[in-house]
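Working notes for the structure below.
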Amino acid sequence: MKSRRFLLFATLALTLLFTACDKGNDAPPPDSASPGTALEKLEFRYLNMGGYVDILELAEDLGYLAPVKLKNVGMVAGGPQGIQVLLSGDSDCAISFTGAIIKVAVSGAPVTAVIAAFGYDTEDDTFFGKSGFYVREESDIHGPRDLIGKKIAINTLGAQAELVLREYMARGGLRKEEIDQVEFLVIPPGSMEQVLRQQQVDVAQSGGIGFNQGVRRLFRTEDVYRNFTAGAYVMSNHYLRENPNTSRHVISAMSRAIKWAKATPRAEVLARLRQINIKRGRSENNAIIDVWTGYGIVSPSGALKDEDFQIWIDWYIRDGQFKASDVDLKKLYTNAFNAHAQPVAQE
């Protein structure tokens, strides 16, 4: 509980600081860019996760991002942390679970989701091929009710893993007071399997690669939610207003990369992702890339739609975290900077 409160206070503090510096820019900015106009910036700062090749990096490697060059400003463990860095002004974008974007927007942060980042579509097209929640082989945990009173390791509080777990338990018939008896512990992704085997936790999240022998998967995200965009790239309204041409160029380049990844044979995509990983020179392994089957983005162009956010708005309202009147769906995202986004109804 103390960890949750610290995260909430830290996020709100950064939100207030950034909002004070960007007063009057709380609404999603209009797309004032026009094709052929000069780019305001030729460098785009971003964060990455270890072993993960995101769409921005793929777009640059394909040549779609030129003349803009990427600058990596650090690594993050999850979406809420990435949004904090974005709000501090140290990054130009962040990848976050759409539910976390909603929570930050409701708190007053001037940010907007601009293009899909990952998800779970109906063709098992998901980057995290063996993602899910694991228990030890001998564990007596076989279903939702068995989780009452247990310790669960997740990468960050308030993000996708926690909400999916809570929904898994709710669908299993657990009441809110029973779900609240579960203890969520923040553990670095690389230590998940270790703390599970050492019996420090009862359940551990795997972000993409399956654990080794002696453990079994309790359930997958796809077992709870299917065919949905789970995460998006989010940018500050200030950046979008001040750099509309660069924003349109970068976001549209990502859209082209999404289309390329969907249309290209998996073996060819894997080869390119491995090469990107090697060229980065960060001594990262290819374990996650080896199980890559896609980014899981439902929309062909990465365009966002109401349903990507409404699913979690409804969840938060049911959970009593805020009221429907607290959130303006139309201010959460925009497709205006995605030159390749068709009307969602046609996609």
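The values are calculated or read from the model by the stated rules, or taken from the named source; none is laboratory data. What you are looking at is a predicted structure, and each value in this text was computed from that prediction instead of being measured. In this analysis, Cβ positions are derived from the backbone assuming ideal geometry, glycine residues included, and neighbour counts consider all displayed protein chains.
Scanning region 302-328 for residues that are over 18 Å from the mean Cα position of the chain (by Cα) and either closer than 20 Å to residue 164 by Cα or not β-branched (Val, Ile, Thr) (or both) yields 314, 317, 318, 319, 320, 321, 322, 323, 324, 325, 326, 328.
For region 87-105, taking the residues that are under 16 Å from residue 306 (Cα atoms) and aliphatic (A, V, I, L, M), the one that is surrounded by the fewest Cβ atoms within 10 Å (Cβ to Cβ) is identified as 102. Considering the conditions (1) part of a loop (DSSP other than H, G, I, E, B); (2) at pLDDT below 95; (3) aliphatic (A, V, I, L, M), residue 141 is excluded by exactly one of them, (2).
Inspect all residues belonging to region 235-256 and state whether any of them is under 21 Å from the mean Cα position of the chain (by Cα), within 30 Å of residue 204 (Cα to Cα) and touching a residue at least 60 places away in the same chain (Cβ under 8 Å). No, every residue in region 235-256 fails to be under 21 Å from the mean Cα position of the chain (by Cα), within 30 Å of residue 204 (Cα to Cα) and touching a residue at least 60 places away in the same chain (Cβ under 8 Å). Evaluating residue 260 against the criteria (1) out of contact with any Ser or Thr (no Cβ under 9 Å at 6 or more places or on another chain); (2) aromatic (Phe, Trp, Tyr); (3) outside any helix (DSSP H, G or I) leaves one unmet condition, (3). Of the residues 201, 250, the single one that is farther than 20 Å from residue 315 by Cβ and either of a type in the set (Ser, Thr, Tyr) or assigned to a loop (DSSP other than H, G, I, E, B) (or both) is 201.
One line per residue, one yes/no per condition, for (1) modelled with pLDDT of 50 or more; (2) surrounded by 12 or more Cβ atoms within 10 Å (Cβ to Cβ):
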site: 10; (1), (2): no, yes
site: 20; (1), (2): no, no
site: 24; (1), (2): no, no
site: 28; (1), (2): yes, yes
site: 40; (1), (2): yes, yes
site: 49; (1), (2): yes, yes
site: 58; (1), (2): yes, yes
site: 63; (1), (2): yes, no
site: 66; (1), (2): yes, yes
